[in-house]
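Encoded as structure tokens, the structure appears first; notes follow it.
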Amino acid sequence: MTSAPRRRAAAAATLLLAGALACATYSDRTQAARDAAQAGNLEGGERAINKALGLHKSEELPTKWKSETGLGLLERAMILHALGHYKLSSRDLTAAEKQLELLDIARDGAGTLGKYVFSDASTKYKTPPTEKLALNAYNMLNYLALGDLDGAKVEARRFTVIRRYYADHDPENAHGAFGSYLAGYVFERLGDEGEALRYYEEALQERTFDQLRAPIARMHARAGVEGPRIRALLAEGTGSAGGPEGGSAAAPAPAPEAELLVVLNVGRVPYKVPKRIPIGAAVGLGAAYITGDTTVLEHSLFKVVVYPDLAESGDLFDHGRLAVDGQSYPLELVTDMGVEIAREYDELRPKIIGAAISRLIVRAVAAEGARAAGKQSKNNSGLVGFLAAAAVEGAMVAADKPDTRSWTMLPARVYVARIPLAPGHHVVTLDAAGPGGREGRKAEVDIPAGGFAVLDVTTLR
Amino acid sequence: MPTRLRAPALLTALALTIPAAACGPKAVRGGPGTENPNLDQGAMSTTLDRKDLQDLMKVNMDQLFASNWWATMRSAPARPVVAIWPIKNETTEHIDGQLDTLLGDIETQLVNSGVVAVVSRERQAEMAREVGVQQNQQIYDGAYAAQISKQIGAQYYVTGKVGVVDEYMGDERRVQYTLYMQVLEVETSLLAYQTKSERSKAIVR
């Protein structure tokens, strides 16, 4: 082949690759919603995600469920939650959960085949553990914010089914301190102290919560249920549980007359974006999961692998400050889902890169077949073979979109505070703070005697 | 385009549009006496649907009507007064709406039996508000149920709960429901009668 036709063919292949890279992935299609949330424009985020879902307003549910619809609904649910539309958020989470559960269980023959030839995005979306556990936790929070303990209890049980599954089959991923904490709170409010203590024991497996000392000591004295973490917590004493910053108490405090539960959700978890790396580096990263002979790649026109990698969300806030009636109270970190998502993805990265290289091999083999067929041409067989190989490989590369699907609106860090209060009217100020400055919220709550109120602030940035 | 070609082109477009429109989603009517008599037969999820609840209730009501307690009611000199209290949802599904419908069905059967007099549920709710039942969990508190039932002149109250065993595996989810129905004597809080029925639902491959 002369050098001019070869250059033209290479240029065509480059164009095909550029086209492939320009092809929108899930994270591209939901970028407008994240941009709006990042600017503090939650209504704009709601409109953007509705547009991505093909819906006019949040009162509508999809009628056609495609591979990304359930995930899109999770994104909308989180925006609605941040806007305080708890009923709509709950409806979306419930609808999405049912669809995602069906996808988890469904056979995916076409998707599995597509995964080896085209892209991981050909497969049905399998919800990872952190997302699955967060789904029921946030729906529990929706019901709590609505004051519906029965609804929250149902979500607590659903959370338990999933957590138990991971505990039995994938103990490394049996996280979910946030869900366990909230479930404990739900059962505590319902008066089922034994069940509440069992959930608090789960939550304590991941970190210590000073503000749980007093309620646990109180319930333990009556219900007697305990585990190693509860025993350890009680052995340390009741400390300053639930009191204002700087306060202390020697013995478990009596049950408060009224209580405020504050939940602060800041930031968003890392999300997936297409990343290009040279084939050589990719082979090193995904060697254990490559299917096929990598030497065939020597003939490939494409010298880079495109795979989905995690990108930081550029969170403006990473902690918060709370005051009730002018008195400061500490917020306790209950979970860092950003870290959990990153850890889950680090475990999967070699497999994902291995699968991407395996697809390159499949394409290179197909291109070699086309090249061999082209070479049988009577006129200018070298050029025909080269062009046929480039066309086959280029077309297959164009279909390879990195699978960037994930629940991108999931908050990164969750803080809680339990404030024992006198019944009546209270003024709460809650500031989200971090490298992006601060965002202040002020709320007024009325709590009846013996009752509770839940205040949620979700910044999504 | 020349005018004489427009009509065939329009017809072709119409011919293409009609089947396309026919393939879109549409609402249908189902159940006995409709064009889709079996519409309610298929399970759409692991939650309890109307057919499940009707099946569960039928088993429980048949057993109730065949019980010794019911025979005692039949032979009572005056129709005993019965109150109906909510069925507690102890499942992993948001089925409170369905359970409310079930309660309405139980009420209908008891009323139509002519054997017992049934207190209106609206009156019960009114009484509950009067004695200060505010938070939802108190509705299921036996002491409240007995207190209010007594105030409205009931000798017995019917209640129940739906329990669940919900298990999830990588390729299957199975939910086993049990509906318990109880009759309690208001004066003594003793259990006069209890029955149960079971239904399993699953998502399998």
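So here's what we get for this one:
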{"read-out": "Considering residues of region B:69-105 that are free of Cβ contacts under 8 Å to residues at least 40 places away in the same chain and assigned to a helix (DSSP H, G or I) only, the residue farthest from the other protein chains (Cβ to nearest Cβ)", "value": "B:ALA71"}
{"read-out": "Residue check, A:SER58 more than 14 Å from chain B (Cβ to nearest Cβ) and among the polar types (S, T, N, Q)", "value": "yes"}
{"read-out": "Hits in region B:149-205 (condition: within 24 Å of the chain's Cα centre (by Cα), among the polar types (S, T, N, Q) and at pLDDT below 90)", "value": "B:SER149"}
{"read-out": "Hits in region B:143-176 - residues which are without any contact (Cβ under 8 Å) to a residue 60 or more places away in the chain, under 30 Å from A:PRO129 (Cα atoms) and either buried (at least 17 other Cβ atoms within 10 Å of the Cβ) or touching a Gly at 6+ places or on another chain (Cβ under 8 Å) (or both)", "value": "B:TYR168"}
{"read-out": "Region A:176-199 - residue that is surrounded by fewer than 22 Cβ atoms within 10 Å (Cβ to Cβ) and among the small types (Gly, Ala, Ser) and, of those, nearest to the other protein chains (Cβ to nearest Cβ)", "value": "A:GLY191"}
{"read-out": "Any hit, region B:39-53, residues being of a type in the set (Lys, Arg), at pLDDT 85 or above, within 30 Å of B:LEU110 (Cα to Cα) and not in a helix (DSSP H, G or I)", "value": "no"}
{"read-out": "Region B:177-204, subset surrounded by 15 or more Cβ atoms within 10 Å (Cβ to Cβ) and more than 26 Å from B:ALA66 (Cα to Cα), residue farthest from the other protein chains (Cβ to nearest Cβ)", "value": "B:LYS201"}
{"read-out": "Residues that are acidic (Asp, Glu) and in a strand (DSSP E or B), drawn from region B:153-192", "value": "B:ASP166, B:GLU167, B:GLU172, B:GLU185"}
{"read-out": "Of the criteria (1) more than 25 Å from A:ALA282 (Cβ to Cβ); (2) among the charged types (D, E, K, R); (3) in contact with a Lys or Arg (Cβ under 7 Å, 6 or more places away or on another chain), which one A:ASP309 fails", "value": "(1)"}
{"read-out": "Lone qualifier among B:VAL162, B:VAL158 - being aliphatic (A, V, I, L, M) and within 14 Å of another protein chain (Cβ to nearest Cβ)", "value": "B:VAL162"}
{"read-out": "Selection count where residues are more than 7 Å from chain B (Cβ to nearest Cβ) and either β-branched (Val, Ile, Thr) or in contact (Cβ under 8 Å) with a residue 60 or more places away in the chain (or both), scope region A:144-175", "value": "7"}
{"read-out": "Residues located in region B:97-119, provided they are buried (at least 17 other Cβ atoms within 10 Å of the Cβ) and within 30 Å of B:TYR168 (Cβ to Cβ)", "value": "B:GLN98, B:LEU99, B:LEU102, B:LEU103"}
{"read-out": "Where A:THR127 falls short, out of the listed (1) more than 10 Å from chain B (Cβ to nearest Cβ); (2) in contact with a Leu (Cβ under 8 Å, 6 or more places away or on another chain); (3) at pLDDT 95 or above; (4) buried (at least 22 other Cβ atoms within 10 Å of the Cβ)", "value": "(3)"}
{"read-out": "Matching residues, region A:227-240, being in a loop (DSSP other than H, G, I, E, B) and either under 19 Å from A:ALA167 (Cα atoms) or within 14 Å of chain B (Cβ to nearest Cβ) (or both)", "value": "A:GLY227"}
{"read-out": "Total residues in region A:329-369, condition crowded, with 21+ Cβ neighbours inside 10 Å, within 12 Å of the chain's Cα centre (by Cα) and of a type in the set (A, V, I, L, M, F, W, C)", "value": "2"}
{"read-out": "B:MET57 surrounded by 15 or more Cβ atoms within 10 Å (Cβ to Cβ) and modelled with pLDDT of 95 or more", "value": "no"}
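The values are calculated or read from the model by the stated rules, or taken from the named source; none is laboratory data. Just so we're clear, the structure is a prediction, and the values are computed from it rather than from any experiment. Cβ coordinates were reconstructed from backbone atoms using ideal geometry, including for glycine residues, and neighbour counts include every protein chain displayed.
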